[in-house]
Structure formats: structure tokens, C-alpha cells
1. Relative contact order for chain B using alpha-carbon pairs under 8 Å, separation at least 6, rounded to a whole percent?
2. When ligands, DNA and RNA are left out and all protein chains stay put, how many square angstrom of accessible area per residue does region A:24-288 have with a 1.4 Å probe?
3. Rounded to the nearest 0.05, what FRET efficiency is calculated for A:Leu206 and B:Ala5 with R0 set to 45 Å and r the Cβ-Cβ distance?
4. So what is the 222 nm mean residue ellipticity for chain B from helices alone, if each DSSP H run of at least 4 adds -39500 (n - 2.57) and you divide by all residues, rounding to the nearest 500 deg cm²/dmol?
5. If the label point is 7 Å along Cα→Cβ of A:Leu154, which residues in region A:39-65 have backbone nitrogen under 14 Å from it?
6. Quick one: work out the % antiparallel among DSSP beta bridges in chain B, nearest 5.
7. Which ³J(HN,Hα) values, rounded to whole Hz and listed in residue order, are derived for region B:235-250 from phi using the Karplus coefficients 6.51, -1.76 and 1.60 in 6.51 cos²θ - 1.76 cosθ + 1.60 with θ = phi - 60°, glycine and proline given as x?
8. Full extension from A:Ala71 to A:Leu167: what is 0.36 nm times the residue separation minus their Cα-Cα distance, to one decimal in nm?
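The values are calculated or read from the model by the stated rules, or taken from the named source; none is laboratory data. Computed from a predicted model, the values in this text were never measured in an experiment. Here the Cβ positions follow ideal geometry from the backbone for every residue, glycine too, while neighbour counts run over all protein chains shown. SASA here: full protein model, heavy atoms, side chains in, ligands and nucleic acids out. Shrake-Rupley method; radii C 1.70, N 1.55, O 1.52, S 1.80 Å.
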Amino acid sequence: MTSEPTAVIHDIGYRHYEGARLGRGSAALALAVNSLRGVFGLGRTARAKIMPFLLATIMLLPAVVSIAVMALLKQDGLPYPAYAVTMQAVLAIFLAAQSPYLVAPDLRFRVLPLYFSRPVTVVDYIGAKLAALAVAMFLLIAVPLTLLFAGELLVDRPGPPHTSQYLAAMGGAVVYAVLLAAIGIALASLTPRRGLGVASVIAFYLFTSAVSAVFFGVLLSIGRETAAKWAMLINPFFLVDAVQVALFGTDPSNGEGYPPGLWACLIVPVVIAVAVAGILLRYRKAASS
Amino acid sequence: MAILATEGLTKRFPRVTALDELTVMAGTGVTGLVGANGAGKSTLIKILLGLLPPTSGRARVLDLDAATHGLEIRRLVGYMPEHDCLPPDVSATEFVVHMAQMSGLPRTAARERAADTLRHVGLHEERYRPIGGYSTGMRQRVKLAQALVHDPRLVFLDEPTNGLDPQGRDEMLALIRRIGTEFGISVLVTSHLLGELERVCDHVIVIDAGRLLRSSAIGDFTQASQAIAVEVEDGLEPLVERLGGLGEAVAVQGRLLTVQVPADADPGRTYDAVRDAVCDLGLNLVRLEQRRGHIEDVFKEPVA
């Protein structure tokens, strides 16, 4: 009797793939998830995680301090709608540091033709990148707000919780996220170099906030108070704050107030549309080259 | 069956005509697309992928119109560009998995396929390291793997041997041959060297300045430039004398002996003569291989 071999190594050669082939939507979703993870440095080197996690931690600090103030001093903490405006420098740095990561390497290392040689269109690609950055910015604002709200409920201060303020701030966070993501991607996609992208986004923030402050001061000193309030809207953070004020009736966080009416609610969609149109033009050109 | 076909395909850019009334057809197997730099090879591939609209004419890939069904075509086709297209800070595995997902594969399937495909193209342990540290040969393999990972029915390989050393070229060509035969994936491979495509293609299309120069099965191409290279340990001179005496066209290049194989005669005769001569003289044979033809000869040939 011959004994059968118990284990054999087969060279199975090339096998065809018979499994599922998902559509454009799944590919775009996979790209968005992959990009979102990348924004926070997940699946990247340890060095890539330092900046996003450091900034995310800094975003949490005011919430922690506010909870401590509520618990120990029995006083109100930082108001919810003012959170993003107070932390605008941190948000701007995060936007500047991370938006070039999303678009610059694909341009610089010419990975784009590989995407577009697949069932992924320019719109899918841009949509996925914008969504990833918008979700990241939203998390950056919404997580501290939610922590603060949970803290307020746990501390159980006398009087009703500021639920409507919290919800208004969360609504504002959505607007912040979309507006900042559109601006970030639009500026970062102009250059294939990541360093230049970082510089251009941070320069945009510094420029708009400086111009808005200078105009505000000058216009106020010559007694043009209404015009001065308009100048505030040049800073994108105050622009969204004005939307919050107009839509949800929160207190203005700039200490001065904004022009009356729904103007800010009109300006924000226009800015987003201009930014997205710019991105589309940029990538239509890149796709056919 | 026609894998791709064009009909009077023309592409004009503002300053240059890239394709001029090009009508070609290619069946299953490995098809070579040969032309000098700027002949319109890459433009043709972009039109076939549905990424570039033609100025006039039609192109069909896998029986789908490239101008209107680009998405469906790109689902079934793989593309390896000529230029570098790899981010340096991710590993080959991560990158190929990502590209598989972009082709619509679910994540687990993408992982399996990526591992399989990287093994087939010959990337082993190094696939876990960042691509930034790879040699040109390894990069070309990653580029090929991303084109194959979703198991396409057809792959476009744009200058896959570019920048490779002779051994790397041979390995890449052998791989392309395997893709066309063993893997059962049709291949359209471009090159500016006909000589290297000769060995792996079933059919060759030669274009020049956007126009078709010739399109025919590989056997129809002239074999006049075919030659064999012989290397022996010692005794090159007696071998030269012996073969010369038999009327073979022999040339010595350093330690190598090149013997021309005449196109008209029975090609086996020359091979036999070399074998017998080496045998009779008792020489140690180091190498006996086919020499590649020269593309210049084909371009010089009159258009059929």
C-alpha cells in the first residue's frame, strides 16, 4: 500500500476575479474614507500623526477648562456658538496643514491619471476629497462641543442646559466644515507642492483676518459703524458666525455684531460655489493632460 | 474577436495633429503598438480609455464606444502609464489595495487581489516597504500590478520597458507574454523598439506621425535582421573559421560571435551549423541566443 502525500504545494497560477464589482459610488466612498483617515495620519507614518492629533487635542482644551469652571466655580463656561471663533487660529492651522496632503501628492506624483483610468470621474474625486476634509473639520469642532455639552449635563448646573445653543453651534459647525473644506482644497490644489499649499492656505487666513481687522478699525474710527460691521465678514470665521447669528439667533462672537439681514447666508454659498468651480476647472485641465 | 478597433480616428491639438485618420484593429492576445516618440501612441490610449474626445472618427474597445461609454470601458480595462505615477510614502501593498478599491473591488477582495497580483509581477517581501525606496524595475512592477489588480479583460501598457536595464527588460517582456497567454488578459503594449516587442507580440501595429504604417501578424514581419549570438569559453577563432567555411555570415563582437540567419533559406540550417560546429570542435558553449531585430529596418521598409 502506498501512502498518499499529506500536503502538496500547488502552483495555482493566475486566478481570475469572479467577485463583486461595485460602482462609482463605492469607489468614491472608499476614496473619501481613505482620505479622511489620512487627514488624521491614520495609516501613515508616526510623524504624520503628530500635527493632526496635537491640534485636535488643543481643540479639546477649552472644553475641558470650561467643564472644570462649571464644576468648580459654578460659572458659565465658553458659550457653544463662540467655540469655533475663539479657536479659529487652531482650525486655520489644521486646515493649512492637512488640505495640501489631500490633493498635492496626487498632482505632484501624477497619481491622478491612475484614478481617472478607472471608473472614477473628476467629480467623484473632488467630491470625495471635499467630503473627507469637511468631515474632518466638522469632527474637529463637533467633538469638543459635544464633550462640553456632555460635561454640562453631568455637572448639572442649576437652570436648564443650553441645548438650543449647543444645537446652533453644531449647525454652525456644518457650515464651517463645508466652507473651510472648499477654501482649503481650492487653494491647496493650485500647487503640486505641499509646502506651498500649506503656506497659501495659512496666508489666506492671515490675510483675510488682518484685512478684516484693519478695515474694521479704520471704518470704526471714522464713524462708519455699519461699514465696519461689513468688514468683519471678510474673515471667513466671522462670516460663518454671522450665519449662526442670522439663522439660529445666537449672540455674535465678535463683540460688535454683524450687518442685519441674511446677507451672510447668501455670501457663504457663493464663496463655496466659487471655490468648487475653481477646483473643477483645475481638475478638468489636469484630467485631460 | 476584435478587442479594439478604430475608424478614421483623428485627434488634432491646437498646434499638432496627434492622430491622422487612423484605422486599426486588434484581436485577443498581445498586440504591440510601435512608433517613435510623439507618434501618437499615448494619445491613442487616452482616446481608447475615453479620457480624450477624438476630433473625428470612432474608437471601440471591447465593443463599447470610447467616446460615450468611457466609464464601462474603464471598468474592464487596466492602464499602466508611461510616466512615474507612484506616491513615495506608501507601500506597494497599500497602494495597490487602494487602486483595486478605486476599480470597485470590495476591501477584502482588494487585499487578496493585491497580494496575488504583486506576487505575479514578482514583488515579494519588499512590497511592505514605502515605494520611495524602490528601484526602477520594482516601480515598473508596481505600476503593472495596479493595472492588473482588478483582473481586467484588456490592459494598456504604455512603454513598460522604459528605463529598465537589459535584464529588467527581458523580465518585463516575459511577464507581458505571460499576461497575454497564461493570464488570458489581452494586452496592448507600446514601445519605440520593435525589436523587443517582436518577441512577445502576436500582432504588431506600427504608427508614425499619427498615421498607420503597417499592421500585421508578427510572422509577417521580415526576419532578415534576425541573428543569433554565440559565446564560447575558448576557441572563438576556430569556430569563426569553421562557420565561415560553411558560408555563414559571421561577425565577431568582442567575446561574442554574431551569425546572421538568412530570411530566404531554411532557418534551421544556420542553427544546426552552429550546434554541429561547437560540438565537433569540443568547445564549451556559454551562450546561444536570438538577437533582436532593429526597428530601423522596419521603418525603412516600404509600406505594404
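1. Values: 565 pairs, mean separation 59.2, N = 304.
The value is 19 percent.
2. Working: 11640 Å² over 265 residues.
Accessible area per residue: 44 Å².
3. Values: r = 57 Å, r/R0 = 1.27.
FRET efficiency, A:Leu206 to B:Ala5: 0.20.
4. Values: 10 runs with 105 residues, N = 304.
-10500 deg cm²/dmol, from helical runs alone.
5. A:63-65
6. On the way: 34 of 51 bridges.
Restricted to chain B, the bridges split so that about 65 percent are antiparallel.
7. Listing the rounded values in order: x, 5, 4, x, 5, 4, 4, 4, 5, x, x, 7, x, 8, 7, 10 Hz.
8. 32.4 nm is the gain from fully extending A:Ala71 to A:Leu167.
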